[in-house]
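Here is the structure we will look at, set down as structure tokens.
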Amino acid sequence: MVGAEQASPDRAARGAWYALTIMLLVYSCHFLDRAVLSLVAEPVRKEFGLSDSQLGMLNGFAFGLMFAVAGIPIGLLVDRINRSRLLACMVFLWSSATAFCGLAQSYLALLTGRMAVGAAEAGGAPTSLSLMSDYFPPRLRSTAVGFYYLGNAVGGLMIFLVGSRVAAQYGWRAALLVAAVPGIALAVVAFATLREPVRGGTETRAGSASSEPVGLIAAYRQIASNRALLYLFGAAPLTSAAASAAGAWLPPFFMRNHGMHISGAGLVLAIAGGGFGALGSTLGGAIADRVARKDATRRTGFGVCVMLLAIPALLGATLSVANAPAIGLTFVSFALIFAALPVSFGSMLTLASPRVRGVTSATMQGVSNLLGYGLGPLGVGMLSDALGGANSLRYALAIVSTVCCLGAALCFVLARASIRAGRSTMAMSHAIPCTRSA
């Protein structure tokens, strides 16, 4: 096993980067098993005779609903048991459920399998984020989260190599079965090589490294008392909705509106979500930490900037009738949207205390998946059905993505204002006794 020497507020724990690499690979399997169905959405739709609303339910809401429902009890486990063992179990379960989807003989069976994938994947990110916060000090957390989301690149490459190639040659069922293999193998590696870091070992705040787990009601009271954290609970799902709405409908969009083959649409998805999305999250996390060195509120300010810049890129990508600008602006929009993810989750890890990070991470991930990954794709599908016509999907994508980006930018603005207000209140509370004593 790779040991984890206790970290400090000034440096990462020994073995932290190895552990982060394993978590990155786990997240790549998370991305692969979640997104591979989007790649084969058209052949699935044709085989089962589905509407866009049913496809949106399959691709988004059913997954997101179970993700949200299972996330809270798993979050409580994250705060109480060995997290490295829990992570290995979760990746094994969701990969096995993906294989089950490949064997489904009806829409109901496939829907059930996707719900199982969602329930198991609910434990992936909260466990990894909790581990990350005890491997890395606050000044490196957005960088670590950004590196973690590099798993999108690995997952995107796996989708292209495993998904589109296999799907094009052997069908959508074979693609789902092959997609399950990496996660099952990685579960064995994670179980055998990861150890548990000391909880709260990287904290700078006095008394933050509590040794006792916090109950669910007490945890939610802590969350509810932090206004900035609540606004991040708005920014994270809206950012996820913008990303997932585009990601879930990208292959059908390019196949319907630009006449691409499934292999070409898969390549665009791999480069957009895997390459440019990962580039955006990695650089976004590093830039967010760098601009926040002197003023922590600049981290959320950076989130505002990238979400506003993503809007014209998304509009250009969806409304362009030519292939080249549509593909190019899709790449740009994915980079910008994914740059905001380390801002919301990195800030959350610092605002939440160590013993409630599992619940906080699980809740944020659950809300992000239910409202983001769940309602984002479903909203596009329902709006596309309502609009009708050859370009209905084009306009539905443009509308939903723009609204989500605007909402996320507003939440980042409010979070930044709340952090500043809390800092001012704290400064005044410290200044009052000094004035009286003078």
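All conditions in (1) open to solvent by 10 Å² or more (accessible area, probe 1.4 Å); (2) in contact with a strand residue (DSSP E or B) (Cβ under 7 Å, 6 or more places away or on another chain); (3) not hydrophobic (A, V, I, L, M, F, W, C) hold for SER84, with the sole exception of (1). Pairs meeting the criteria (first residue in region 16-41 and within 10 Å of LEU150 (Cβ to Cβ), second residue polar (S, T, N, Q), beta carbons under 7 Å, at least 6 apart or on different chains) are TYR27/SER128. Restricting to region 94-111, count the residues that are touching a residue at least 12 places away in the same chain (Cβ under 8 Å) and more than 16 Å from ILE184 (Cα to Cα). Within region 94-111, residues that are touching a residue at least 12 places away in the same chain (Cβ under 8 Å) and more than 16 Å from ILE184 (Cα to Cα) number 5. The condition of being farther than 15 Å from LEU177 by Cα, part of a helix (DSSP H, G or I) and either of a type outside the set (Phe, Trp, Tyr) or open to solvent by 40 Å² or more (accessible area, probe 1.4 Å) (or both) holds for ARG141. Within region 303-313, the set of residues being open to solvent by 10 Å² or more (accessible area, probe 1.4 Å) and either in contact (Cβ under 8 Å) with a residue 40 or more places away in the chain or not in a helix (DSSP H, G or I) (or both) comprises VAL304, LEU308, ILE311.
Taking only region 19-60 into account, find how many residues are surrounded by fewer than 24 Cβ atoms within 10 Å (Cβ to Cβ) and either under 18 Å from the mean Cα position of the chain (by Cα) or β-branched (Val, Ile, Thr) (or both). So the answer is 7.
Taking region 113-138 as the range and being in contact with a Phe, Trp or Tyr (Cβ under 8 Å, 6 or more places away or on another chain), in a helix (DSSP H, G or I) and either open to solvent by less than 10 Å² (accessible area, probe 1.4 Å) or closer than 15 Å to ALA88 by Cβ (or both) as the test, the residues that pass are GLY113, ARG114, VAL117, GLY118, ALA120, GLU121, GLY124, ALA125, SER128, LEU129, MET132.
Restricting ALA7, ALA16 to those that are more than 21 Å from GLY102 (Cα to Cα), small (Gly, Ala, Ser), at pLDDT 85 or above and crowded, with 22+ Cβ neighbours inside 10 Å reduces the list to ALA16. From the list SER361, SER353, SER344, the lone residue that is hydroxyl-bearing (Ser, Thr, Tyr), open to solvent by 10 Å² or more (accessible area, probe 1.4 Å) and out of contact with any Lys or Arg (no Cβ under 6 Å at 6 or more places or on another chain) is SER353.
Being open to solvent by less than 30 Å² (accessible area, probe 1.4 Å), touching a helix residue (DSSP H, G or I) at 6+ places or on another chain (Cβ under 8 Å) and touching a residue at least 24 places away in the same chain (Cβ under 8 Å) narrows it down to one residue among VAL91, VAL154; which is it?
VAL91
Taking the residues in region 279-302 that are open to solvent by 60 Å² or more (accessible area, probe 1.4 Å) and over 21 Å from the mean Cα position of the chain (by Cα) as candidates, determine which candidate is farthest from ALA246 (Cα to Cα). Applying the filter and picking the extreme gives LYS294. In the condition set (1) touching a Phe, Trp or Tyr at 6+ places or on another chain (Cβ under 6 Å); (2) open to solvent by 20 Å² or more (accessible area, probe 1.4 Å), MET255 is compliant with all but (1).
Of all the residues in region 61-81, those that are open to solvent by less than 10 Å² (accessible area, probe 1.4 Å) and within 19 Å of the chain's Cα centre (by Cα) number 7. Annotation note: of ALA296, ALA288, the sole residue that is at pLDDT 85 or above and within 23 Å of GLY407 (Cα to Cα) is ALA288. Answer with yes or no whether LEU86 is in contact with a helix residue (DSSP H, G or I) (Cβ under 8 Å, 6 or more places away or on another chain) and closer than 14 Å to PHE191 by Cα. Considered against the rule, which asks whether it is in contact with a helix residue (DSSP H, G or I) (Cβ under 8 Å, 6 or more places away or on another chain) and closer than 14 Å to PHE191 by Cα, LEU86 comes out as yes.
From PHE412, PHE345, grab the single residue that is within 21 Å of GLY280 (Cα to Cα) and at pLDDT 90 or above.
Just a single option satisfies the conditions, and that option is PHE412.
The values are calculated or read from the model by the stated rules, or taken from the named source; none is laboratory data. Just so it is clear, the model here is predicted, and its values are computed rather than measured. Positions of Cβ are backbone-derived with ideal geometry, glycine not excepted, and every protein chain shown enters the neighbour counts. Each accessible area value is taken on the protein alone, full model and side chains, heavy atoms only, with ligands, DNA and RNA left out. Shrake-Rupley method; radii C 1.70, N 1.55, O 1.52, S 1.80 Å.
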